[in-house]
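The values are calculated or read from the model by the stated rules, or taken from the named source; none is laboratory data. Because the structure is predicted, anything quoted here is derived from the model rather than measured. In this analysis, Cβ positions are derived from the backbone assuming ideal geometry, glycine residues included, and neighbour counts consider all displayed protein chains. Quick note on the areas: whole protein, heavy atoms, side chains included, nothing else; ligands and nucleic acids left out. Shrake-Rupley method; radii C 1.70, N 1.55, O 1.52, S 1.80 Å.
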Amino acid sequence: MNNNAETLLKVEHLCQYFGANRAVDDVSFEIKKGEVFGLVGESGCGKTTTGRSIIKLYDITSGNIFFKGIRIGAGIRSYQEEIENAKKNYKEKSANASPEESARMKKELDALIAARKEDIKKARFDQKNCDKEYAKKLVAEVKAKYEKLLANATPEVKKEYKDALRKAKKAKLATQIQMIFQDPIASLDPRMTVREIIAEGLIIRGERDQKVIDEKVYQMLELVGLVREHAGRYPHEFSGGQRQRIGVARAIIMNPELIIADEPVSALDVSIQAQVINLLGDLRHDLGLTILFIAHDLSVVKYFSDRIGVMYFGKMVELATSDELFKNPLHPYTKSLLSAIPLPDPIYEKKRKRIQYNRLAEHDYSVDKPTFREITPGHFVECNDAEYAKYESMVE
Ligand SMILES: Nc1ncnc2c1ncn2[C@@H]1O[C@H](COP(=O)(O)OP(=O)(O)OP(=O)(O)O)[C@@H](O)[C@H]1O
Ligand SMILES: [Mg+2]
């Protein structure tokens with residue numbers, strides 16, 4: 001991975017709540033172009049929710065998501081809370097203040113409310129309109145490109161212009177992020193042929209030429225190790241590994257820059273897991289893909305990921321390069337995940353002890369509250385002041 005590479009995806013204080021369930025709670029991370037970022041944690045910790053928030057299946061609760069520097073997701077809860085808290089604070093403090101002091105506080109309050117309301121307005125606008133704004137930009141680019149050519153254009157060029165314009169108008173930033181879904185059976189419509197499944201995104205994007213569509217579908221099938229004869233069949237006629245490959249083909253036909261692979265191998269036999277991982281590895285190199293790779297155990301992501309983020313109950317508790325995380329795990333939850341990895345070494349296996357993680361017993365967060373902090377360059381851990389001091393001494 002190139003450290004100077006551009007940041008493709010930036011997730012900033014992401015919160016996704018379902019009622020009282022804080023499925024994702026203040027998670028931040030960045031993915032550089034060309035990088036494979038592994039996201040691990042036990043069942044229910046919020047990995048899929050993080051992925052689904054990034055592809056805009058939800059209006060996120062709080063935080064920001066930027067893709068290529070453009071804000072594609074923006075929540076408003078934190079702004080609303082700031083307004084509520086400021087109002088409460090004003091009520092309490094102004095009761096005992098002098099009239100002048102009270103007037104000054106009111107002015108401050110009004111300014112804060114106006115600023116946060118502006119933030120809310122902007123967030124709502126970006127959440128809703130980022131695709132439109134992006135399409136506008138592309139349309140302008142197409143028009144600029146064809147402006148001179150159109151003056152004495154042949155019918156072919158005119159048609160080319162029309163096609164390009166139609167596609168630009170329908171362009172969506174979000175289609176550059178594609179998700180391979182966790183469950184390869186439930187995520188493929190059983191009534192659609194493989195051809196229809198794989199081509200769906202292209203058609204939505206405005207492609208109409210059946211020949212072009214067919215060629216693209218065949219190309220994708222071959223790219224993922226299937227054959228063109230498979231195009232006319234239905235999902236139930238395939239094995240689990242093959243279905244996962246169909247999911248991969250459906251994602252890459254859109255020529256995405258970022259793939260979110262949500263436990264792409266968990267449902268598969270061990271022998272087929274390696275095949276699908278190798279396929280993703282090949283595609284990464286051949287197509288220059290950036291991948292957010294979600295898994296629930298560390299052994300799967302170890303060799304494949306440049307960096308790894310560890311989630312626990314909606315929080316990111318540790319983030320580092322793969323090498324660093326395996327060499328110097330700091331958070332007790334990461335250590336517990338590492339202790340669960342079996343090794344093909346009978347002597348080690350006899351001695352291997354599973355470390356259990358018990359959050360309440362492990363940390364005292366009653367007064368000294370934890371935040372996500374950088375211990376050594378690029379190695380982040382959730383910790384409070386006391387733990388920070390301890391971790392710092394551990395890595396020296
Ligand atoms: N649409 C939803 N509505 C309400 N709650 C949800 C929804 N989606 C997820 N949750 C809850 O959010 C939490 C996180 O779920 P999520 O699917 O993100 O976990 P996960 O880390 O992907 O787990 P797994 O490894 O089992 O796939 C869980 O408590 C889940 O019950
Ligand atoms: Mg999941």
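All of (1) in contact (Cβ under 8 Å) with a residue 40 or more places away in the chain; (2) assigned to a loop (DSSP other than H, G, I, E, B); (3) within 16 Å of ligand 1 (Cβ to nearest atom) hold for MET179 with one exception: (2).
Here LEU268, LEU279 are screened, and the one residue that is in a loop (DSSP other than H, G, I, E, B) and modelled with pLDDT under 90 is LEU268. Taking the stated definitions as given, is LEU258 among the aliphatic types (A, V, I, L, M) and more than 27 Å from ALA164 (Cβ to Cβ)? No.
A single member of VAL301, VAL265 is within 16 Å of ligand 1 (Cβ to nearest atom) and touching a Ser or Thr at 6+ places or on another chain (Cβ under 8 Å), and it is VAL301.
Yes or no, residue by residue, for (1) open to solvent by 60 Å² or more (accessible area, probe 1.4 Å); (2) in contact with a Cys (Cβ under 6 Å, 6 or more places away or on another chain); (3) more than 28 Å from GLU30 (Cβ to Cβ):
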position: SER339; (1), (2), (3): no, no, yes
position: LEU343; (1), (2), (3): yes, no, yes
position: ILE347; (1), (2), (3): yes, no, yes
position: ARG354; (1), (2), (3): yes, no, yes
position: ARG359; (1), (2), (3): yes, no, no
position: ASP364; (1), (2), (3): yes, no, yes
position: LYS369; (1), (2), (3): yes, no, no
position: GLU374; (1), (2), (3): yes, no, no
position: TYR388; (1), (2), (3): yes, no, no
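Only one entry in TYR303, TYR234 is surrounded by fewer than 22 Cβ atoms within 10 Å (Cβ to Cβ) and modelled with pLDDT of 95 or more, namely TYR234.
Mind telling me which of the residues ALA261, ALA251 ends up being of a type in the set (A, V, I, L, M, F, W, C) and part of a strand (DSSP E or B)? Break it down into steps so the answer makes sense when it comes.
Values: ALA251 fails: part of a strand (DSSP E or B).
After applying the criteria, what remains is ALA261.
Tallying residues that are on the phi < 0 side of the Ramachandran plot, part of a strand (DSSP E or B), open to solvent by 70 Å² or more (accessible area, probe 1.4 Å) and in contact (Cβ under 8 Å) with a residue 24 or more places away in the chain within the range 19-52 yields 1. Tell me whether the range 27-36 contains one or more residues that are modelled with pLDDT of 95 or more, touching a helix residue (DSSP H, G or I) at 6+ places or on another chain (Cβ under 7 Å), among the β-branched types (Val, Ile, Thr) and within 13 Å of ligand 1 (Cβ to nearest atom). Checked against the condition, which is being modelled with pLDDT of 95 or more, touching a helix residue (DSSP H, G or I) at 6+ places or on another chain (Cβ under 7 Å), among the β-branched types (Val, Ile, Thr) and within 13 Å of ligand 1 (Cβ to nearest atom), the range 27-36 yields at least one hit.
Within the range 211-223, does at least one residue satisfy the condition of being surrounded by 15 or more Cβ atoms within 10 Å (Cβ to Cβ), among the hydroxyl-bearing types (Ser, Thr, Tyr), under 28 Å from LYS167 (Cα atoms) and more than 26 Å from the chain's Cα centre (by Cα)? Yes, that holds for at least one residue. Annotation note: of ALA151, ALA186, ALA144, the sole residue that is among the aliphatic types (A, V, I, L, M), within 16 Å of ligand 2 (Cβ to nearest atom) and open to solvent by 60 Å² or more (accessible area, probe 1.4 Å) is ALA186.
Every residue, every condition in (1) within 16 Å of ligand 1 (Cβ to nearest atom); (2) closer than 29 Å to LYS68 by Cα, yes or no:
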| position | (1), (2) |
| --- | --- |
| GLY225 | no, no |
| MET254 | no, yes |
| LEU258 | no, yes |
| VAL276 | no, yes |
| GLY288 | no, yes |
| LEU292 | yes, yes |
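Between GLY51, GLY41, which is closer than 27 Å to LEU280 by Cα, of a type outside the set (S, T, N, Q), within 16 Å of ligand 2 (Cβ to nearest atom) and over 13 Å from the mean Cα position of the chain (by Cα)?
Testing whether each residue is closer than 27 Å to LEU280 by Cα, of a type outside the set (S, T, N, Q), within 16 Å of ligand 2 (Cβ to nearest atom) and over 13 Å from the mean Cα position of the chain (by Cα) leaves just GLY41.
With respect to GLY281, determine if the residue is open to solvent by less than 70 Å² (accessible area, probe 1.4 Å), free of Cβ contacts under 8 Å to residues at least 24 places away in the same chain, touching a strand residue (DSSP E or B) at 6+ places or on another chain (Cβ under 9 Å) and under 30 Å from ASN255 (Cα atoms). Taking the combined requirement at face value, the residue satisfies it. Among the residues in the range 72-87, are any touching a residue at least 60 places away in the same chain (Cβ under 8 Å), at negative phi, assigned to a helix (DSSP H, G or I) and out of contact with any helix residue (DSSP H, G or I) (no Cβ under 8 Å at 6 or more places or on another chain)? Looking through the range 72-87, at least one residue is touching a residue at least 60 places away in the same chain (Cβ under 8 Å), at negative phi, assigned to a helix (DSSP H, G or I) and out of contact with any helix residue (DSSP H, G or I) (no Cβ under 8 Å at 6 or more places or on another chain). If you filter the range 167-176 down to residues that are assigned to a helix (DSSP H, G or I) and open to solvent by 40 Å² or more (accessible area, probe 1.4 Å), you find that the one that is farthest from TYR134 (Cα to Cα) is LYS167.
Hey, VAL301 hits all of (1) in a helix (DSSP H, G or I); (2) more than 16 Å from ligand 2 (Cβ to nearest atom); (3) aliphatic (A, V, I, L, M) but one; which does it fall short on? Exception for VAL301: condition (2). Among the numbered conditions (1) surrounded by fewer than 14 Cβ atoms within 10 Å (Cβ to Cβ); (2) in contact with a helix residue (DSSP H, G or I) (Cβ under 8 Å, 6 or more places away or on another chain), the only one that ALA164 does not meet is (1).
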